[in-house]
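**Student:** Before I ask anything, here is the structure I am working with.
What follows is calculated from the coordinates using simple rules that are stated; it is not laboratory data. Keep in mind the model is a prediction, meaning the values are calculated, not measured. Using ideal geometry, Cβ is built from the backbone for each residue, glycine included, and neighbour counts are taken over all protein chains shown.
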Amino acid sequence: MSRSITRRIVAVALLIASLQQVSLAQDASGPADHQVTIIAETRARLTLRSDLNSKLSEAGDIITATLAEPIYVDGQLVLQRGTEFRGRVTKVAPAKRGQRSSHMSIDFEHILAPSGEVSISAQVTAIDDWDREESIKANSNGELKGGHRGEKTVDNTRRGAQLGLSGGFAGAALGGAAGASGRQVFGIGGAGLAAGMIAGLLLTKGSDIRVRPGAILRIKFTKAVTLPVKTMPSEFSR
């Protein structure tokens with residue numbers, strides 16, 4: 001009778017020991033993975049790590065940035081702050097005369113997740129440049145516009161008006177000397193003023209895009225992406 005009890009006690013002890021070994025093995029292997037999807041149209045903010053310049057950048061240039069704020073899905077952390085995003089300039093054109101502004105498009109194609117490099121599809125929708133206190137918005141096609149240089153436009157228009165007015169006075173004087181009527185003389189002066197203002201506008205370039213590292217890129221995921229996420233064990237499973 002005592003031998004039977006002893007055998008049972010030994011068997012129970014062995015069972016407990018084996019269960020402890022399984023538990024230790026699970027803890028050593030870390031939490032289990034499961035899949036989480038970041039849906040299309042999800043918005044995020046990145047901190048730029050590269051220089052952007054519509055006069056110097058070219059299509060295909062590599063752009064790097066890091067996640068400024070973590071991304072959660074259903075309350076679960078999917079991508080932590082500091083996650084690296086890699087992308088490229090897809091289109092770029094410098095500003096030109098005639099008020100034609102620069103434009104640039106940037107797409108992000110990869111992230112360095114804890115599980116490794118993952119392909120994504122995300123587009124820059126705006127750039128917040130805190131140093132220059134300005135925001136560059138993208139249109140529905142993801143094209144960032146450099147805008148217009150208001151102060152330069154006003155300056156060139158004023159100069160053009162002054163030159164046009166001078167030319168108009170000269171033309172009016174010549175017209176008066178040639179016997180033109182007062183209305184004709186006035187018309188010559190007005191035409192010179194208008195021509196000068198138009199010339200000033202046509203000679204004014206649009207604004208180039210110049211952004212230094214540290215600016216905030218606002219992006220949106222254009223396609224859903226599924227990532228493996230670690231499932232942390234609950235207190236009851238320990």
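**Student:** Tell me, Asp51, Asp61 in order of fewest to most beta-carbon neighbours within 10 Å?
**Tutor:** By the 10 Å Cβ count, ascending, the order reads Asp51, Asp61.
**Student:** Can you check what the net charge comes to around Lys220, using other residues whose Cβ is under 10 Å from the Cβ of Lys220 (Lys, Arg +1; Asp, Glu -1)?
**Tutor:** Computed value for this residue: +1.
**Student:** When Lys and Arg each count +1 and Asp and Glu each count -1, what net charge do the other residues less than 11 Å away from Ser115, Cβ to Cβ, add up to?
**Tutor:** Cβ neighbours under 11 Å give a net charge of -1.
**Student:** Could you sort out which of Lys91/Lys145; Lys145/Lys223; Lys55/Lys220; Lys91/Lys223; Lys96/Lys220 sit more than 18 Å apart by Cα distance in this structure?
**Tutor:** Too far apart for the 18 Å limit: Lys145/Lys223; Lys55/Lys220; Lys91/Lys223; Lys96/Lys220.
**Student:** A further question follows. Rank-order 74-85, 103-114 by packing density, defined as the average count of other C-beta atoms within 10 Å over each peptide's residues, highest first.
**Tutor:** The densest-packed peptide leads the list: 103-114, 74-85.
**Student:** Asn53 to Gln80: FRET efficiency via 1/(1 + (r/R0)^6), r the Cβ-Cβ distance, R0 25 Å, to the nearest 0.05?
**Tutor:** 0.25
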